[in-house]
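Notes to accompany the following structure.
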Ligand code: AR6
């Protein structure tokens, strides 16, 4: 059984086996959580991302997929980079967002990570409404078979925390 826990705060301050990054397909950094992880984690993470681009991911990481690097100076062993979908009013992309959580947990299992911190993927720059992002995140983690013991959602502000708390109950 995976225990879901909620924390309001900065994901780069978490002490866990793996920290999930809301990345983009370039894997070369950006704003939001991505920027914060690379800033605090230092250059080792970006160096590994560049190697991944040069080897398996020449065209970038596809939306809904995940890949791991070391965690540099973060208090974690790995960063799992996943690419959330941009929110669309025309198209239902929920399945791609669910895939981010499933694939991140699958990679965590491959690594042997037991504690994993997640941000609210797609709910910032990618524009996903927070309540719906929280629903998809919590439902997907609950429905995924995994050896991860703790899935810790780390929510930056109170509104995000409340949205997740309403789902976790
Ligand atoms: N700790 C925890 N949560 C955070 C932190 C932090 N340090 N910083 C922001 N958040 P976002 P996305 C929250 O924009 O929507 C990047 O440029 C934030 O308030 O980081 O998936 C990438 O390179 C929001 O609730 O990710 C991509 O281009 C949530 O984390 C793009 O943004 C996700 O916001 C990805 O956009």
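With respect to residue 164, determine if the residue is within 14 Å of the ligand (Cβ to nearest atom), surrounded by fewer than 20 Cβ atoms within 10 Å (Cβ to Cβ) and in contact (Cβ under 8 Å) with a residue 60 or more places away in the chain. Spell out the reasoning first.
Values: within 14 Å of the ligand (Cβ to nearest atom): yes; surrounded by fewer than 20 Cβ atoms within 10 Å (Cβ to Cβ): no; in contact (Cβ under 8 Å) with a residue 60 or more places away in the chain: yes.
No, not satisfied.
Scanning segment 8-39 for residues that are over 18 Å from residue 115 (Cβ atoms) and assigned to a helix (DSSP H, G or I), which turns out nearest to the ligand (Cβ to nearest atom)? The residue in question is 32. Does segment 48-67 hold any residues that are touching a strand residue (DSSP E or B) at 6+ places or on another chain (Cβ under 9 Å), in a helix (DSSP H, G or I) and surrounded by fewer than 17 Cβ atoms within 10 Å (Cβ to Cβ), and which are they? If the condition is that a residue be touching a strand residue (DSSP E or B) at 6+ places or on another chain (Cβ under 9 Å), in a helix (DSSP H, G or I) and surrounded by fewer than 17 Cβ atoms within 10 Å (Cβ to Cβ), then 51 is the only one that fits.
A single entry from 107, 45 fulfils the requirement of being in contact with a helix residue (DSSP H, G or I) (Cβ under 7 Å, 6 or more places away or on another chain) and buried (at least 19 other Cβ atoms within 10 Å of the Cβ): 45.
For segment 114-135, the candidate set comprises residues that are more than 13 Å from the ligand (Cβ to nearest atom) and under 18 Å from residue 33 (Cβ atoms); within that set, the residue that is nearest to the chain's Cα centre (by Cα) is 116.
Sort out which residues of segment 147-161 are in a loop (DSSP other than H, G, I, E, B) and either in contact (Cβ under 8 Å) with a residue 40 or more places away in the chain or within 12 Å of the ligand (Cβ to nearest atom) (or both), and write them in order of number. Give the steps one after another, and end with the answer.
Here is the first cut: in segment 147-161, the ones in a loop (DSSP other than H, G, I, E, B) are 147-149, 156-157.
Once the filter is applied, which keeps residues that are in a loop (DSSP other than H, G, I, E, B) and either in contact (Cβ under 8 Å) with a residue 40 or more places away in the chain or within 12 Å of the ligand (Cβ to nearest atom) (or both), segment 147-161 yields 148, 149, 156, 157.
Per-residue answers, yes or no, for (1) closer than 19 Å to residue 2 by Cα; (2) part of a loop (DSSP other than H, G, I, E, B):
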residue	(1), (2)
106	yes, no
131	no, no
139	yes, no
145	yes, yes
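Checked against (1) part of a helix (DSSP H, G or I); (2) modelled with pLDDT under 95, residue 1 passes all but a single condition, namely (1).
The values are calculated or read from the model by the stated rules, or taken from the named source; none is laboratory data. Computed from a prediction, not measured in an experiment: that's the story for all the values here. Reconstructed Cβ throughout: ideal geometry from the backbone, glycine too, with neighbour counts over all protein chains shown.
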